[in-house]
Amino acid sequence: MSLSLVHSRALLGLQARPVMVEVHLANGLPNFTLVGLAETEVKEARERVRAAIQNSGLEFPVNKRITVNLAPADLPKDSGRFDLPIALGILAASGQIDAAKLSGYEFAGELSLGGELRPVRGALAMSLAIGQTLPAGHAGARPQLVLPQGSAEEAALVPDVHIYRARHLLDVVRQFLPGDLPPEVLEGWQRLQADARQTAPSYPDMADVKGQAAARRAVEIAAAGGHSILLMGSPGSGKSMLAHRFAGLLPDMTTDEALESAAVASLAGRFTLERWAQRPTCSPHHTASAVALVGGGSPPRPGEISLAHWGVLFLDELPEFPRAALEALREPLESGHITISRAAQRAEFPARFQLIAAMNPCPCGYHGSRVRACRCSAEQVARYQGKLSGPLLDRIDLHVEVGALAAEELVNAPAGETSASIRQRVISARERAVARQGGSNQALEGQAIDSQCALGPDGAKFLNNAAARLGWSGRSIHRCLKVARTIADLGGSDPVEMKHVAEAVQYRRVLKGA
């Protein structure tokens, strides 16, 4: 047989599109041609595949004209994931393995010159895409994916997909020789998930934060409602300590959330089984560019906001970030996803993260401090705070001042409340919100805000007066209502009362922005 077909997948954003690897052997001058909008690393597969087949003791058709087509032709292909399907296609077309047996499988893997299989990024995204081809729990013929060791373990986290693990090209070839030798199924999903959940996440404890009752209360509200928060205070006041302990207050991830978060991490090559079902915390340096934050490149790769999907994005020294990078956060904060459009392709990544931002109030950092005098002029303070635009601040739910503690207060203050006890209140509040509306309070939109955050006459009058005096936009009013709803949930109250609104108003009057 001179023509063979092998199934694989190409990554475009978080989507794993099907790719048909077509291999044709013909008489003529010896040549190896690879077509189908392949990037440079894919074209280099010609040399890797040739050496891997020969060094594995198999026969490479050196006297044939080899044509490999990666279809569809208009879908970009990158990385070395197509080495294994190309090698199998050549072996099937030359009659060394049974081509009919390949039809029920999909393959991905990079080959070394000796034939060993190397891991590829995005294995979990490929497994998710295959799993979506059949209804959940389907008992019939299930999709089957062959991956290298190191990639198969993460792909096996997806239920209802048969994953086959191989270490060498010969491991795969032996399974598709003529005969009825079935490959060994890697039954890894249940085992890997159970093992990962037995290891408790190791987050720093909120008991380390002394004092700061107001800031701790605001962080608890943010965790309970899924709200974004801005912490402003002098250096050493505890902003970073609060932010690094935030993830320990959040509820456990659901299986779907864990799979989505792990799939994004797999695209960037950051996923490890030890971090399975643990909420990520991404804290990029303030020199990060807009592309580093929201994603980009060719082919498009996820940025920090997508790597923090269902987790925490901590931006320390917020005004020091490039203006373009901060403004790029506007749409993802609202929509929960980011779309990267280029001339030839378009990729979409999820980005439902909780933003925790920290900043100093002025260039020297001590404006309004009780501990140390500020040396900045009013113009310098205004210019520094004006680095943050009004539209960006409008999308941050809570603005909190974190005052510095005097040395005596810091030394003599008792240990704060533990993360475990705060987390119990957070979980209870979230469960109330989910039972009432099916999701977190931060996700409320449109008429759901009116129905779930309805105010009595006194509360409505108070909110209207506050909005008029502070010059709030419609978005600010809605975000204040959602924060008030969360405060009511933490207090176990069904209606949103005026005291809840009054507390929520206090968290939106620190900064106005440029």
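The values are calculated or read from the model by the stated rules, or taken from the named source; none is laboratory data. All figures in this text were calculated on a predicted structure; none of them were measured in a lab. Heads up, the Cβs are rebuilt from the backbone with ideal geometry, glycines too, and the neighbour counts pull from every protein chain shown.
This table checks each residue for (1) modelled with pLDDT under 90; (2) under 34 Å from the mean Cα position of the chain (by Cα); (3) among the hydroxyl-bearing types (Ser, Thr, Tyr).
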position	(1), (2), (3)
Ser4	no, no, yes
Arg9	no, yes, no
Gly13	yes, yes, no
Arg17	no, yes, no
His24	no, no, no
Asn31	no, no, no
Leu37	yes, yes, no
Gln54	no, no, no
Gly57	no, no, no
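Those helices (runs of 4 or more DSSP H) of the range 340-426 in which 1 or more residues are basic (Lys, Arg) occupy 378-385. Against the list (1) in contact with a Pro (Cβ under 9 Å, 6 or more places away or on another chain); (2) without any contact (Cβ under 8 Å) to a residue 60 or more places away in the chain, the condition Val426 fails is (2). Here Val496 clears all of (1) more than 21 Å from Leu230 (Cβ to Cβ); (2) in contact with a helix residue (DSSP H, G or I) (Cβ under 7 Å, 6 or more places away or on another chain); (3) touching a residue at least 60 places away in the same chain (Cβ under 8 Å) except the condition numbered (3). When you look at Asp458, is it assigned to a helix (DSSP H, G or I), more than 27 Å from Arg245 (Cβ to Cβ) and free of Cβ contacts under 8 Å to residues at least 60 places away in the same chain, yes or no? Taking the combined requirement at face value, the residue satisfies it. For the range 394-426, filtering for residues that are under 27 Å from the mean Cα position of the chain (by Cα) and within 20 Å of Gly368 (Cα to Cα) leaves 3.
Applying the set (1) within 20 Å of Arg352 (Cβ to Cβ); (2) not assigned by TED's automatic domain parsing to the domain that holds Tyr366 to Gln437 leaves exactly one unmet item: (2).
Only one entry in Arg65, Arg81 is of a type outside the set (S, T, N, Q) and more than 19 Å from Arg9 (Cα to Cα), namely Arg65. In the range 427-455, of all residues being over 30 Å from the mean Cα position of the chain (by Cα) and not in a loop (DSSP other than H, G, I, E, B), the one that is farthest from Trp310 (Cα to Cα) corresponds to Leu455.
Taken over the range 46-69, the criterion of being among the aliphatic types (A, V, I, L, M) and in contact (Cβ under 8 Å) with a residue 60 or more places away in the chain is satisfied by Val49, Ala51, Ala52, Ile53, Leu58.
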